[in-house]
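So the structure is just underneath, and the comments pick up after that.
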Amino acid sequence: LSPYKLDQIKTLTAQSRIPVVMIGDTGDSKRLRLPCDQVLGSNAFLTYKATEYLLRKGHRNIALTRWETSSVWSQEQLQGYREAYADAGLSPRESDALNLSPLVYGANKENRDKAWNLESMKKAAVLFNSPEPPTALVYGGASEIQLWGLLGDAYASLTQNADIVVTTMYELLVHNYLGQRPCVAFCLKYESICQRAVELLLNPTQGNAL
């Protein structure tokens, strides 16, 4: 469970004497055929349902947060977002798909968070302070604290009517959302993904990786 690159997965499976199941996405920029089974949730479907929910509430200008925009999961999030609009007979404003600075992992967490907040808050401020700002947000993030920092003053107005939809893993939602304001969550469960991985190991399949 980690965004390993394809060459790393090949090395692992070649050296392993036991079956390997990849749970989650790879770190590559496109969906690749793996040398082992794989179980993952549908990023496109999750974002589609979140966007569809807000469109049904009457919103038309819906912002979407995306990190690591070159990654396959980020591309699939954008795909689901656009498909929800298309199925409603509408088109999103391209400026509402907010490309945020990638989260940088390192030893100095304080400096890392400051750098992420400054760059990402600037982008969000431009969008949410525009003449016609988004009225809702699909937020693909694991932390409510990051959400506060990202939106600034817009956080209170959006959450007042539960016009933020969080897309994340259920276990991360329980751990990282404090419930200070209402929001709606569309979640997958690591538990279900892991259960499916074990099922594959107990009942080996033939053919293409899943």
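Per-residue accessible area (protein heavy atoms, 1.4 Å probe) orders K49, K10 as K10, K49, starting from the largest. Accessible area per residue was computed with a 1.4 Å probe on protein heavy atoms; I164 scores about 0 Å².
Ligands, DNA and RNA are left out, and with a 1.4 angstrom probe the accessible area of the chain is 57 Å² per residue. In a fully extended conformation the segment linking N161 and Q8 would gain 50.6 nm over its present Cα-Cα distance, using 0.36 nm per residue.
Measuring nothing but protein heavy atoms, the accessible surface of the chain at 1.4 Å probe radius is 54 percent carbon and sulfur.
Heavy-atom accessible area, probed at 1.4 angstrom with all protein chains present, ranks D163, D37 as D37, D163, highest first. Let me check I've understood the local charge: for S91, count other residues with C-beta under 14 angstrom from its C-beta, Lys and Arg +1, Asp and Glu -1. What total comes out? Here the charged neighbours net out to -1. Projected onto planes of every orientation and averaged, the convex hull of the alpha-carbon atoms in the chain covers 13.2 nm². Within the set K57/K123; K5/K57; K30/K123, which residue pairs have Cα atoms separated by over 28 Å? Pairs exceeding 28 Å: K5/K57.
A convex hull fitted to the Cα coordinates of the range 141-210 yields 97 cubic angstrom per residue.
Taking the Cα atoms of the range 9-103, the ratio Rg/Rh between the radius of gyration and the Kirkwood radius comes to 1.10. Working from label points 7 Å from Cα in the Cα-to-Cβ sense, the Q180 to S16 distance is 4.0 nm.
The values are calculated or read from the model by the stated rules, or taken from the named source; none is laboratory data. What you see is a predicted model; the values in this text were computed from it and never measured. Heads up, the Cβs are rebuilt from the backbone with ideal geometry, glycines too, and the neighbour counts pull from every protein chain shown. The accessibility values were calculated without ligands, DNA or RNA, using every heavy atom of the protein model including side chains. Shrake-Rupley method; radii C 1.70, N 1.55, O 1.52, S 1.80 Å.
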